[in-house]
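Written out below as structure tokens is the structure these notes cover.
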Amino acid sequence: MKPGRNLSRDYIVIGISLALAAIFIYAGAGKIFDPLRFADAIYAFSILPAVLINLLALGLPVFEIACGVMLIAPWTRRIGALAVALTSLLYFSVLLSALVRGLTLDCGCFGTGAPSRARMWVELGLDAVLFAGSLLVYFRILESAAKVGDRA
């Protein structure tokens, strides 16, 4: 493999990591400032027992911000990418479940808005893109670590 091409791939991984970090930090910050509204959004999905809703509404925004921060630092980027991949997959599954059940709601992903099925489909697509981007980052870092290990 040519060194220039490898370097450009590293820049792409860094760019995707920073974009994912910004998205997750932004999403988490929006929820952290209005946990009651976020709890209402979680309740609307009708999948969790009531006792867990407030706990999730308080904990998930902090987790999202932590995932974003981990994507920024090179030594925590891989675990941050894995956390974002798993979280995005969970969001995708929950949103798809709501769509299949015929619910029209505001998922609370990026603040609040009017409940709309069209918006839900857009957010489902965004979750798929976040999942794919985070997997790309994770596996690229894993590949780079394996190459370094082979050289040792």
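The values are calculated or read from the model by the stated rules, or taken from the named source; none is laboratory data. Quantities reported herein were computed from a predicted structural model and do not represent experimental measurements. All Cβ positions, glycine included, derive from the backbone under ideal geometry; neighbour counts span all protein chains shown.
One residue is enough: does region 136-151 have a residue meeting the conditions at pLDDT 90 or above, of a type in the set (Gly, Ala, Ser) and out of contact with any helix residue (DSSP H, G or I) (no Cβ under 9 Å at 6 or more places or on another chain)? For region 136-151, residues at pLDDT 90 or above, of a type in the set (Gly, Ala, Ser) and out of contact with any helix residue (DSSP H, G or I) (no Cβ under 9 Å at 6 or more places or on another chain): absent. ASP40 passes every criterion in (1) at pLDDT below 95; (2) under 24 Å from ALA22 (Cα atoms) apart from (2).
Okay, residues lined up against (1) over 23 Å from GLY133 (Cβ atoms); (2) among the hydrophobic types (A, V, I, L, M, F, W, C); (3) over 11 Å from the mean Cα position of the chain (by Cα):
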position	(1), (2), (3)
ILE14	no, yes, yes
LEU20	no, yes, no
LYS31	no, no, yes
LEU36	yes, yes, yes
ALA39	yes, yes, yes
GLU64	no, no, no
MET70	no, yes, yes
LEU82	no, yes, no
TYR91	no, no, no
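Pairs only if they're at least six apart or on different chains, beta carbon under 7 angstrom, first in region 20-40 and more than 20 Å from LEU52 (Cβ to Cβ), second hydroxyl-bearing (Ser, Thr, Tyr); list them, first residue then second. The qualifying pairs are LEU20/SER134. Tell me which residues, restricted to region 92-127, are over 11 Å from PHE45 (Cα atoms), out of contact with any Gly (no Cβ under 9 Å at 6 or more places or on another chain) and surrounded by 15 or more Cβ atoms within 10 Å (Cβ to Cβ). The answer is PHE92, MET120, GLU123, LEU124, LEU126, ASP127.
In region 104-135, which residues are under 30 Å from TYR11 (Cβ atoms) and either in contact with a helix residue (DSSP H, G or I) (Cβ under 7 Å, 6 or more places away or on another chain) or among the polar types (S, T, N, Q) (or both)? Spell out the reasoning first.
At the first step, the residues of region 104-135 found to be under 30 Å from TYR11 (Cβ atoms) are 109-110, 122-135.
Scanning region 104-135 gives CYS109, PHE110, GLU123, LEU124, ASP127, ALA128, LEU130, PHE131, GLY133, SER134, LEU135.
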